[in-house]
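Read the structure below first, then the notes.
Throughout, read-outs are computed from the coordinates displayed, never taken from laboratory work. What you are looking at is a predicted structure, and each value in this text was computed from that prediction instead of being measured. Positions of Cβ are backbone-derived with ideal geometry, glycine not excepted, and every protein chain shown enters the neighbour counts.
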Amino acid sequence: MKVHNTLGNGFQEVIYQRCLVIELEKMKLNYGREIEQTIFYEGTEVGTRRADFVVEGKVMVELKALINLEDVHLAQVKNYLVAYDLAIGLLINFGANSLRFKEIFNPKYNPVNLKIK
């Protein structure tokens, strides 16, 4: 909330990412930024994706800077959660006049299979 209150809306997503890094470091939270994850289809590698942040190895954070979030953005976070095998994610949108966020849960979460590199 501090980042949005300070900057407001209208910047590119990367600006909000950089500000969030500053805030995470102030809070002394462990995080990874742009963590690459391999995507498999039936055991065959088909590509990679990058989550904006993984915080404390437990929460994936995906940032957007859009006027409106759409279902495709929610699906993206859910798919990332499954690929990273994390239980919870936050989709934060800095593009609207007021900060918008959604908490998203991984229905397939398995804490035994941590796959993040």
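Nearest 0.05, what FRET efficiency do T48 and E13 give at R0 = 22 Å with Cβ-Cβ as r?
So the FRET efficiency works out to roughly 0.70.
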Could you work out the relative contact order of region 2-105, using alpha carbon pairs under 8 angstrom and six or more residues apart, expressed as a whole percent? 26
Report the local net charge at E62: Lys and Arg +1, Asp and Glu -1, summed over other residues whose C-beta lies under 13 Å from its C-beta. +3
Nitroxide proxy distance, nm - points 7 Å out along Cα→Cβ at T6 and N97: 2.4
Dipole magnitude of the chain, debye to nearest 20 (Cβ charges: Lys/Arg +1, Asp/Glu -1, about Cα centre): 280
Among beta bridges that DSSP assigns inside region 2-105, antiparallel share in %, nearest 5: 75
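Let me know the number of lysine pairs in the chain closer than 14 Å at the Cα, not counting same-chain pairs under 8 apart. Don't skip to the end; give the middle numbers.
Working: K2/K26; K58/K115; K58/K117; K64/K102; K78/K102; K78/K108.
So the count works out to 6.
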